[in-house]
Amino acid sequence: MKAFSYERVSDPAQAAARAAEVPVAKFIAGGTNLLDLMKHEIEIPKHLIDVGGTGLDEITPTDEGGLRIGALVSNAALSADTRVRKDYAVLSRALVSGASGQLRNKATTGGNLLQRTRCGYFYDTGMPCNKRSPGAGCAALSKGAATRQLGIIGTSDACIATHPSDMAVALCVLDAEVETVTSTGEIRRLTLDEFYQLPGDTPEVETALQAGEMITAVLLPPPVEGRHAYYKVRDRASYAFALVSVALIQAPDGTGRVALGGVAPKPWRRDDADAALPQGASAVMARLLDGARPTQENAYKLTLAERTLAALLAQE
Amino acid sequence: MDFNQSTEDNLFDHARVIGKPHARIDGLLKVTGRAPYAYERHDVAANQLVGYPVCATIARGKITHMDASAARAAPGVAAVITTLELEPLARADSNVAHLFGGATVEHYHQAIAVVVADTLEQARGAASLIEVRYEEAKGVFDLEDAWTRLQSTGEPVANVGDVDAAFAAAPVTLDETYRTASQSHAMMEPHASIVDWSDGGQMTVWTSNQMIQWTRQALATTFDIDAGRIRLESPYVGGGFGGKLWLRADAVLAAFGSRETGRPVKVALPRPMIFNNATHRSGTIQRLRIAAGSDGKITAFEHAAVSHTLLGGSGEDAVNQTRCFYAGENRRVAHHPIDMGLPESADMRAPGEASGLAVLEIAMDEMAEKLGMDPVAFRILNDTQVNPEEPSKPFTERHFVECLRKGADNFGWAERNLKPGGRREGQWLIGHGMAGAYRGAPTMTSGARVRLQNGRLIVETDMTDIGTGSYTILTQTAAETMGMEMQDVEVRLGNSAYPTSSGSGGQFGATSATAGVYAACVALQQQIAKRLNVDEARFEKGRVVAGQTDMALADIADGEEIVAEDSINFGDFKDELEIGTFGAHFVEVAVNAYTGETRVRRMLAVCDAGRILNPITARSQVIGGMTMGVGAALTEGMSVDTERGFFVNHDLAGYEVAVHADIPEQEVIFLDTTDAASSPLKAKGVGELGICGVAAAIGNAIYNATGIRIREYPMTLDRMIDQLPSTER
């Protein structure tokens, strides 16, 4: 870990202004991912701005009939909130399938959105990684690489990493928006699709956040009626990242929405795939995974995604 | 004390302490954080510095350039020692790869420098400032290529009867190839040492190690100093599983750091280095052929395997148990350890058998099905009471059939699912599987010293407790032998100042070390008898009784200490015998019919391992083995980058050991057996028996649940997803 300076701020706009002003600054809240990355020297911030005192730790109703989740609400608190459990069950289920109880107590909503990939090559600073060191090359795309966990769609010739969040997959299927404050104090609202960027030639750019811009809240629209389900498939029963996960909201008439985790650099959802839901899992995946470019080791994810959705659809 | 023949009826057959359940006596210290582990020994040496290792990022080649000037100038840094400043260190017999020194890189994450600083963060921060340039050499890292090249070559280690004729004549045969993955010990406590070699003279090492004398000798060889100048302490070990049998880079780097700075230095291997710098269990590819008559009697085995090792290592000998586990007159087995540039493979819990039985016991299941036999009945039919290669060599105590029968009864085997893929509960397919278990029961010379002080007994031996319960069973042994209560006995372990023991490994520790303590106690009894001028004395209730004498042990010596020391030496007579431990594992799994996720629902092990010294600690050993077996079956596999030559998933997020949610109800039954040829206590080890066969039992249960036969570990869902039932409704 490299030496860094540290400050606490009490106001989000002030935090954003400071982050734009101080070179190589990062926000820190729960630190459940950032501290690990700093120890490995995958992230080397020169300055940490502790946003824990900015008061963004409340869940409040919105005028539109939804919920505003403060960026500092812990994963544990969010998953246990009775309004979330009642009206946004897919989110609660996704949250409790992630990490461990201890981590969920510490991890925040904003931090969860910003967690980095778990690609083994990203984590090994002895290996070339375009995400870690732009232009260095990608070990995961070399011959002989171990890619069983990695992405099958939305990837590029520069990077095939996935986004590891479960929460973000549920937020995606809920049409949640990310609220931010920019370094000039402007408030922005971004859909998850706008928020997350595909790797293309710049896998180091993962979000649409501008210099200094800070997540202040996640906005949930009014509740979506229907069955809320989240199925996370993993090798062991708990405390593992998804091989594939499926978030589903399905109305009694069979229509609904589907998003996938564990397959792409961001939560993966398409309108035409949603529209195919009444026709079953195969029809959904034909659209949702159209254009997939799996490796030999992770091609199973294509079948697994379809079968996981089929399992959910077969459940009462 | 020499143990030159099977023991007769003795005090342990009428035991009051041995064989009884006693909670682990170090348990309270551990759960309250008062059992100090190596890296936490802040108390033992003042002014400690922290060392952080730097490791190679190529698998094979030469370091052409290292520049440590920036690291040396970094805040808090006291010293930087690079591998280029040193000649390659002498290599102890127990090590295959060089631990440090010289320009040659033999494997990924080989230690190439250590940075010593006031704090961990300063050392770690400076470590990344060291510039390294390499000349990379081409390496071979793909076991599949090696298998293609090597199978059917070389000399078999056993070739009995006429295997080819037996196969040609057999009405039922099996010929399949299987694969096991490389695995990490993944123990909770990393390799860690504090070394004080400040004056370059006496070296003191506080470390986490299973084998005190081996490691002391390895240090002496490595640094070319007299072993008498080295003191090693390892009183508590947070898991070893074979990964801490040897001297590793942590102690070597700390020693250099200490000599250079003149202060004690501590080094722990960061988790990623444990996968690629330390040792692991090699993956294997194994071909198994079995021939049988239509009556189900096996006529021939052929078992060949390849595993990887660095040059000079022995790999993972997965074929050995096939030589004697089941009957059959003709057998040929061959092991091909292949030199590859992956990190050093070495022993891990049940080395050989864990991988070999993972395959043999699936093959047995497949064979039973071909024969239309119940897999339990098939194994019973092919039991042997003699070594089938040398029928003149009997098994001393082999109650494998009883394990099978008792297991079947207790598990409810008769009610199992009979048709593969035939039982379903909702979206889950339910299956049952079983496997046999076999592991040798080696013993090693083991010594101890006992001190009687005012009626209290202190036991000193360099035996280690790696979470196994050594403190407890040695206390029981001494209390039993001396007729004392356990609270009047204090056992001190893991210190090179104490007599040399067997150490912990190969499931020889409990058997050997208890016998060594027994020998020392008998020597003490002889001294006491001599002091009392009697030929024979009885020791009971804290007293010594001989003729007219009946006095408390506290009163014998007027406050003076009586010290006795002895070793147990096991005689050659064992060479004429087969001494083993046996077991049967039964498992129920649920496999998701849609996704292929496998969840173990219940497990039963029945073990025949001689006298069980303490049913609580023994059960803990067995369920630990079963848990590790679940990992081996379902999740644990180090992913090889076959071009770059390293294990990619080198942390505990990427390498998935079983977690609580993976482990269901576990039941362990110990047969009430003794083995008089094993030791004075008639005991044998259980620590490795517990893992043997578990993975195969799970694989067989997956087959029973789904009808899908997977012959490659770990049995992750991607290996079956294309064969699962259609999801059409």
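The values are calculated or read from the model by the stated rules, or taken from the named source; none is laboratory data. Every value quoted in this text rests on a predicted model; they were computed, and no experiment measured them. Cβ coordinates were reconstructed from backbone atoms using ideal geometry, including for glycine residues, and neighbour counts include every protein chain displayed.
Residue-level analysis places B:ALA117 among those that are touching a residue at least 24 places away in the same chain (Cβ under 8 Å) and surrounded by 19 or more Cβ atoms within 10 Å (Cβ to Cβ).
Okay, residues lined up against (1) hydroxyl-bearing (Ser, Thr, Tyr); (2) surrounded by fewer than 24 Cβ atoms within 10 Å (Cβ to Cβ); (3) under 23 Å from the mean Cα position of the chain (by Cα); (4) not assigned by TED's automatic domain parsing to the domain that holds B:ILE702:
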residue: B:HIS585; (1), (2), (3), (4): no, no, yes, no
residue: B:ARG602; (1), (2), (3), (4): no, yes, no, no
residue: B:CYS607; (1), (2), (3), (4): no, no, yes, no
residue: B:SER620; (1), (2), (3), (4): yes, yes, yes, no
residue: B:MET628; (1), (2), (3), (4): no, no, yes, no
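Per-residue answers, yes or no, for (1) closer than 14 Å to B:LEU452 by Cβ; (2) touching a residue at least 24 places away in the same chain (Cβ under 8 Å):
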{"site": "B:ALA515", "(1), (2)": "no, yes"}
{"site": "B:CYS521", "(1), (2)": "yes, yes"}
{"site": "B:GLN526", "(1), (2)": "yes, yes"}
{"site": "B:ASP550", "(1), (2)": "no, no"}
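Which numbered condition in (1) touching a residue at least 24 places away in the same chain (Cβ under 8 Å); (2) under 21 Å from the mean Cα position of the chain (by Cα) is the only one that A:THR125 fails? Of (1) touching a residue at least 24 places away in the same chain (Cβ under 8 Å); (2) under 21 Å from the mean Cα position of the chain (by Cα), only one is false for A:THR125: (2). For the range B:635-653, taking the residues that are assigned to a loop (DSSP other than H, G, I, E, B) and of a type in the set (A, V, I, L, M), the one that is farthest from B:LEU689 (Cα to Cα) is identified as B:VAL648. Restricting A:ALA292, A:ALA283, A:ALA273, A:ALA229 to those that are away from chain B (no Cβ under 14 Å) and farther than 19 Å from A:HIS163 by Cα reduces the list to A:ALA273. Can B:THR445 be described as closer than 21 Å to B:GLY242 by Cα, surrounded by 23 or more Cβ atoms within 10 Å (Cβ to Cβ) and not acidic (Asp, Glu)? So B:THR445 does not fit the description; no.
When A:THR82 is tested against the conditions (1) of a type in the set (Val, Ile, Thr); (2) within 14 Å of chain B (Cβ to nearest Cβ); (3) closer than 25 Å to A:LEU192 by Cβ; (4) over 18 Å from the mean Cα position of the chain (by Cα), the lone failure is (2).
Here B:GLU144 fulfils each of the conditions (1) out of contact with any Pro (no Cβ under 7 Å at 6 or more places or on another chain); (2) away from every other protein chain (no Cβ under 14 Å) apart from (2). When restricted to residues that are part of a loop (DSSP other than H, G, I, E, B) and either among the basic types (Lys, Arg) or in contact (Cβ under 8 Å) with a residue 40 or more places away in the chain (or both), the range A:102-120 contains 7. Residues that are within 14 Å of another protein chain (Cβ to nearest Cβ) and in contact with a Phe, Trp or Tyr (Cβ under 8 Å, 6 or more places away or on another chain) do occur in the range A:250-260. Just so you know, in the range B:72-103 the residues that are crowded, with 17+ Cβ neighbours inside 10 Å and among the hydroxyl-bearing types (Ser, Thr, Tyr) include one that is nearest to the chain's Cα centre (by Cα), and it is B:THR83. The residues in the range B:127-141 that are aliphatic (A, V, I, L, M) and within 11 Å of another protein chain (Cβ to nearest Cβ) can be counted, and the count is 3.
Tallying residues that are outside any loop (DSSP other than H, G, I, E, B) and at positive phi within the range A:206-256 yields 1.
Residue by residue, here is whether (1) on the phi < 0 side of the Ramachandran plot; (2) surrounded by fewer than 16 Cβ atoms within 10 Å (Cβ to Cβ); (3) in a helix (DSSP H, G or I) holds:
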residue: B:PRO21; (1), (2), (3): yes, yes, no
residue: B:ARG24; (1), (2), (3): yes, no, no
residue: B:TYR39; (1), (2), (3): yes, no, yes
residue: B:ALA45; (1), (2), (3): yes, no, no
residue: B:ALA70; (1), (2), (3): yes, yes, yes
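Scanning the range B:305-325 for residues that are touching a Gly at 6+ places or on another chain (Cβ under 9 Å) and buried (at least 24 other Cβ atoms within 10 Å of the Cβ) returns B:ALA305, B:VAL306, B:SER307, B:HIS308, B:GLU316, B:ALA318, B:VAL319, B:GLN321, B:THR322, B:PHE325. It is to be established whether one or more residues within the range B:654-661 are outside any loop (DSSP other than H, G, I, E, B), within 9 Å of chain A (Cβ to nearest Cβ), closer than 13 Å to A:TYR239 by Cα and not β-branched (Val, Ile, Thr). Yes, the range B:654-661 contains a residue that is outside any loop (DSSP other than H, G, I, E, B), within 9 Å of chain A (Cβ to nearest Cβ), closer than 13 Å to A:TYR239 by Cα and not β-branched (Val, Ile, Thr).
Restricting the range A:116-170 to residues that are among the basic types (Lys, Arg) and under 28 Å from A:TYR88 (Cβ atoms), the residue that is farthest from the other protein chains (Cβ to nearest Cβ) is A:ARG116. Kindly establish whether B:ALA697 is within 21 Å of B:ASN417 (Cβ to Cβ) and either surrounded by fewer than 21 Cβ atoms within 10 Å (Cβ to Cβ) or hydrophobic (A, V, I, L, M, F, W, C) (or both). When the stated conditions are applied, B:ALA697 passes them.
Residues checked against (1) more than 14 Å from every other protein chain (Cβ to nearest Cβ); (2) out of contact with any helix residue (DSSP H, G or I) (no Cβ under 9 Å at 6 or more places or on another chain); (3) on the phi > 0 side of the Ramachandran plot; (4) modelled with pLDDT of 95 or more:
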residue	(1), (2), (3), (4)
B:ALA557	yes, no, no, no
B:GLU578	yes, yes, no, yes
B:THR581	yes, yes, no, yes
B:VAL591	no, no, no, yes
B:GLU636	no, no, no, yes
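Among the residues of the range A:91-101, not a single one is part of a loop (DSSP other than H, G, I, E, B) and closer than 18 Å to A:THR216 by Cβ.
What's the number of the only condition in (1) within 14 Å of chain A (Cβ to nearest Cβ); (2) of a type in the set (Asp, Glu); (3) in contact with an Asp or Glu (Cβ under 6 Å, 6 or more places away or on another chain) that B:ASP722 fails to meet? For B:ASP722, the failing item is (3).
For A:LEU113, the criteria (1) within 11 Å of another protein chain (Cβ to nearest Cβ); (2) within 19 Å of A:LEU219 (Cα to Cα) hold in every case but one, which is (1). Residue selection: B:ARG229 fails the criterion of being out of contact with any Lys or Arg (no Cβ under 6 Å at 6 or more places or on another chain), surrounded by 24 or more Cβ atoms within 10 Å (Cβ to Cβ) and among the basic types (Lys, Arg). Selection of the range A:2-41 for residues being more than 25 Å from the chain's Cα centre (by Cα), within 14 Å of another protein chain (Cβ to nearest Cβ) and within 27 Å of A:GLN102 (Cβ to Cβ) yields A:LYS2, A:PHE4, A:TYR6. Here A:ASP57 meets the list (1) under 14 Å from A:VAL218 (Cα atoms); (2) among the acidic types (Asp, Glu); (3) buried (at least 20 other Cβ atoms within 10 Å of the Cβ) almost entirely, failing just condition (3).
All of B:ILE612, B:ILE616, B:ILE623 fail the test of being modelled with pLDDT of 95 or more, in contact with a helix residue (DSSP H, G or I) (Cβ under 6 Å, 6 or more places away or on another chain) and away from chain A (no Cβ under 14 Å), apart from B:ILE612.
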